[in-house]
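Since the structure comes first, as structure tokens, the remarks are kept for the end.
The values are calculated or read from the model by the stated rules, or taken from the named source; none is laboratory data. Please read all numbers here as calculations on a predicted model, not as lab measurements. Cβ atoms come from the backbone with ideal geometry, glycine included; neighbour counts cover every protein chain shown.
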Amino acid sequence: MESSGHRKLTNGVIDLVYETPDGWEILDYKTDQVSATSTQILQRYSGQIEAYRKYWSKQALGPVKRIGLYLVRSGDVLWLNPLESRRRGGAEYAGQLSAVLRKGY
């Protein structure tokens, strides 16, 4: 990455990325004990998952449809895109994750 003419080395690990018919989706797992609001959590980690989106967009064959956070302790998924950002129950997400893992993504 470059900032103000200087190169910056960024290191990170994408927890989960999978392809859907509409494009790629990226989720980062967060295991912290969270007492903040959804908005505060997204603000805290938005730079990290936006960096993942930019990196994956350069590497992948197709657009990154959405990026989000999976809050392990509560089972909630928070999507960064404001139009799609919502909390979903862990059971719904766990079913989708199981389907993704069965497909071998």
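Can you name the residue in segment 58-67 that is in contact (Cβ under 8 Å) with a residue 12 or more places away in the chain and under 19 Å from residue 10 (Cα atoms) and, of all such residues, is surrounded by the fewest Cβ atoms within 10 Å (Cβ to Cβ)?
Initially, segment 58-67 is screened for residues in contact (Cβ under 8 Å) with a residue 12 or more places away in the chain, giving 60, 62-67.
Applying the additional criterion that residues be under 19 Å from residue 10 (Cα atoms) yields 60, 67.
Numbers: 60: 14, 67: 25.
Taking the candidates together, the pick is 60.
Name the single residue that is nearest to residue 73 (Cα to Cα) among those in segment 35-55 being touching a residue at least 40 places away in the same chain (Cβ under 8 Å) and buried (at least 18 other Cβ atoms within 10 Å of the Cβ).
Of everything passing the filter in segment 35-55, 42 is nearest to residue 73 (Cα to Cα).
Of everything in segment 35-70, what is touching a strand residue (DSSP E or B) at 6+ places or on another chain (Cβ under 8 Å) and basic (Lys, Arg)? Give them in sequence order.
If the condition is that a residue be touching a strand residue (DSSP E or B) at 6+ places or on another chain (Cβ under 8 Å) and basic (Lys, Arg), then 53, 65, 66 are the ones that fit.
Here's a check for you: in segment 21-38, which residue that is part of a loop (DSSP other than H, G, I, E, B) and of a type in the set (Ser, Thr, Tyr) is modelled with the highest pLDDT? Steps first, please.
Kept after step one, since they are part of a loop (DSSP other than H, G, I, E, B), are these residues of segment 21-38: 21-22, 31-37.
Of the ones still in play, those that are also of a type in the set (Ser, Thr, Tyr) are 31, 35, 37.
Details: 31: 89, 35: 79, 37: 84.
That would be 31.
Conditions tested, residue by residue: (1) under 13 Å from the mean Cα position of the chain (by Cα); (2) outside any loop (DSSP other than H, G, I, E, B); (3) modelled with pLDDT under 90; (4) not small (Gly, Ala, Ser).
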| site | (1), (2), (3), (4) |
| --- | --- |
| 51 | yes, yes, no, no |
| 56 | yes, yes, no, yes |
| 61 | no, no, yes, yes |
| 66 | yes, yes, no, yes |
| 88 | no, no, yes, yes |
| 105 | no, no, yes, yes |
